[in-house]
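What follows is a set of notes on a single structure, which appears directly below.
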């Protein structure tokens, strides 16, 4: 009985009367601040001073050449680039304040601009875990299943690299990964920045599958990558190459310095933001030097370490404060930006939920355009949990629901219903309720609101156990999107076969 | 090893270098809105229309007499009071916009006003649960232990009736309950509104224990009660009596209509707020008619039911929306106000944490002055969990930490540290970090940030299991506050003995 209910909820075999649209969200909240405007201007000024006086190490010669051509002082032996503030400010200003990321269908299109809101699931983990199969290194099967789970939920608008498929050799991994994204989902795909060869392969697969010419692709963003600087003050070869390649192909990079206060960043929130902002400015500058006007997202992922052990911590007040400060810096630039939820728990328990909620609320109140790691991220990113993906989706869907309007007209104010129901009575059967009850409230994904007796009789299952049944049902119900036609898949497979025979594309160093 | 660390954290046997002050908090965030100003004015106008045209049933003759004397139309046979809007608006305007609630020492004093922030732990539950002793009806031992747990945490500023001590007969329960609050804590005590006899007993115990004259007590709030209306549109005898008694003794009532949308309130957010606001206005009016200028808090506790089963739900988007709307109404009145977190889970799992976080963030962003049920509340209030109290305290402390300032001066911006650490290096040992590392970050109460291998070796304990060790250690380390001297306790016990021999004070109907 319980299982049937779970399955129905999850798989939508019996559709709800309630219609939701979580595909193009606007953040309903006023962005919150942590610093005064003067303090934000001060952090920005210090970041510019860092780039100008202390410089940033750029390992890719082509990137140094671009900086040099723009007027930066470059010291080739040390690979250091000293970027004057005029160069940074004039160049960053050419980045668009708004652009559309295109999915396979217009319903999946997504505006990237201050004020829009989108979510990504937990990404980048070497391991994956679920209650049925345990904790294990990620494989293509897990990538496939996680893509199918994401496809089920409109409140996750972009695909992300959930786990690393370690059963596919690195020079062929991007084929398998891109194939799954295109065939199992119609959402916006992620492309790794692991060298030009892999990026160009992925662009070609994407353009062919979506029926786009090269010019179509260059003219309109259809995918994205994530660029992590090597904090402090360093951009490595694949990251610099990715910034250049994606900009030149009209596809956005999400620039994300990963600054853990006390480890790769100063121990203070303001100090970590000075560093993160400096690195983000340098990376955004590089995109615009490669292709003026290229789409790009500002971003940061700043939290702290446990100073007793050096372990990364998430869901801390320092992370929330850094998120709020990053939002202020993003709004000063006027650019869409990425922030993150996070959790360092080892199991999907109260700590895990607490840390993800705290950090996700921080990102939401900070006005982030994209909130990554919003569902499933465990162990500070060392694993993705199927069950946590499901239980976190409750949070994501509640946040998406908060973006919907709340009527306050005469009908919503319900004076007639209040007149109909006597003092001490109830509203269960009144006309106002009967007209609205089937669509009035958010329908939970995983919450069990039965009382203790009923819940105990049904097996006293905790949220993680219930979530297992939910993800199993979603996978059982999964069907490929309409865009993934047999012809397109066959053509895609032919391309992959050809490129595999040609030796694939090894990742760059 | 693990146990020692837990114990040290919890019991502060080895004090941290970090000093926090969570005793008098100011909400750092701009209150968020859900309705336009016109919509808020419209809800207020409809609430006034409800009171004037539909009326409210008031079961206590003395309360009806007060309303009648103020000019309201009263129909004695039906016990209905029809309150004109001029009476309501003029009378509510006499409630103070700010007042101080006094603890046993000035350090425990608490300002109640828009913009201040305080927390209460989960309250009002018939049952209590922990992993050592299971789920059971509440007893005085549980009341005592929960009071000791609350005393340990500065971020909980007010005492609350955690569980109902069912091992003490109702006519003596208030003695035992008040005794525990006064002897185990120096925070602001809660007094039940269960008839004048019990309230006067509690006031006398409080005044004697704190060394106050009757006039001292009347002149300065030293305790509070919570008043739930009997929605829809009804105020019962003990609640009306409480509003009158507390106002006349200068002690605040926290007025809290409990409006579940679709059950005792309309199915819409705006409709539920019309009802909740009308009831709150009527109750606040009664306090001011009993004693003009008496301290009082506005409040609401509005969530929804599951329309499939009628079960109460918490942590829903509808609850968050109602909280935001309530905040707008409170600010329109200018009064301090109470909101609540909540959770309907049956165990301290990811659902429980999620629902409490969602609703607590809603209350925080709504600008609530007091957030009740912030720690330990389970099963929609049918039980309080020792473990959930601990894991929720992590959330409460993080929220308290967000109220602290975040420096952004030159030292915090850390330019010199950024200069000291080379590209790709780390900040663990730099001077800037060394000067600050022992106090830089919030120290977690229950989070385990060790990696999966270490965590597994230590027994793979989830947050609830770790929380058990934490609450046990806190109880083991508890000492009575300095204010609870032997003489005062002896005098208190003598009073209780005398009143017990006199027959105690049965609760009113």
Inset, instruction - Using the 7 Å Cα-to-Cβ label point, sort the distances from residue B:404 to its equivalents in the other copies shortest first and give them in nm to one decimal. - result: 4.0
Inset, instruction - Binning at 20 Å from 0, report for the range A:91-402 what percent of all alpha-carbon pair distances ends up in each bin. - result: 36, 61, 3
Legend entry - Label geometry 7 Å along the beta-carbon vector: residue A:71 inter-copy distances in nm: 7.3
Inset, instruction - Calculate how steeply helix A:463-477 sits against the longest principal axis of the alpha-carbon atoms of chain A, using the helix alpha-carbon long axis, and give the answer as 0 to 90 degrees to the nearest 10. - result: 80
Legend entry - P(r) tail fraction, the range A:454-508 - alpha-carbon pairs more than 13 Å apart, %: 76
Inset, instruction - For residue B:36, go 7 angstrom from Cα along the Cα-to-Cβ vector, then report the distances to that same point in the other copies in nm, smallest first. - result: 3.5
Legend entry - Relative intensity, log₁₀ I(q)/I(0), of the range B:410-463 from a Debye sum that treats every alpha carbon as a point, q = 0.20, 0.30 Å⁻¹: -0.80, -1.15
Inset, instruction - Give the residues of the range B:22-60 whose amide nitrogen is closer than 11 Å to a point set 7 Å from the Cα of residue B:332 in the direction of its Cβ. - result: B:35-49
Inset, instruction - Report the label-to-label distance for residue A:111 and residue B:309 in nanometres (one decimal), using points 7 Å from each Cα along the Cα→Cβ vector. - result: 4.0
Inset, instruction - Can you tell me which of A:179-185, A:484-490, B:115-121, B:316-322 comes out highest on packing, and rank the rest after it, using the mean Cβ neighbours within 10 Å? - result: B:316-322, B:115-121, A:179-185, A:484-490
Inset, instruction - Set the Förster radius R0 to 51 Å, insert the Cβ-Cβ distance between residue B:168 and residue B:36 as r into 1/(1 + (r/R0)^6), and round the FRET efficiency to 0.05. - result: 0.50
Inset, instruction - Mind giving me the nanometre distance, one decimal, between the label points for residue B:491 and residue B:204, set 7 Å out from Cα along Cα→Cβ? - result: 1.4
Legend entry - For the protein assembly as shown, alpha-carbon Rg relative to the globular expectation (2.2 N^0.38 Å, N residues): 0.97
Legend entry - Potential lengthening between residue A:419 and residue A:131 on full extension [0.36 nm per residue; Cα-Cα distance subtracted]: 98.5 nm
Legend entry - Simple spin-label estimate for residue B:45 and residue A:451 in nanometres, 7 Å along Cα-Cβ: 4.3
Inset, instruction - Starting from the Cα gyration tensor of the range B:53-97, multiply each eigenvalue by 5, take the square root, and state the resulting semi-axes largest first in whole Å. - result: 20, 11, 8
Legend entry - Length-normalised contact order of the range A:125-227 in % [C-alpha pairs under 8 Å, at least 6 apart]: 24
Legend entry - the range A:91-402 - share of DSSP beta bridges that are antiparallel (%, nearest 5): 35
Legend entry - Shape call, the range B:341-471: gyration tensor on alpha carbons, a/c limit 1.5: oblate
Legend entry - For residues of A:230-236, the mean tally of beta carbons on other chains within 10 Å: 4
Legend entry - Over the range A:91-402, relative contact order from alpha-carbon pairs under 8 Å, at least 6 apart, %: 21
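Only the coordinates and a few stated rules stand behind these numbers; no lab work does. All values derive from a computational prediction rather than experimental measurement. Quick reminder, even Gly has a Cβ in these numbers, built from the backbone with ideal geometry, and neighbours come from all protein chains shown.
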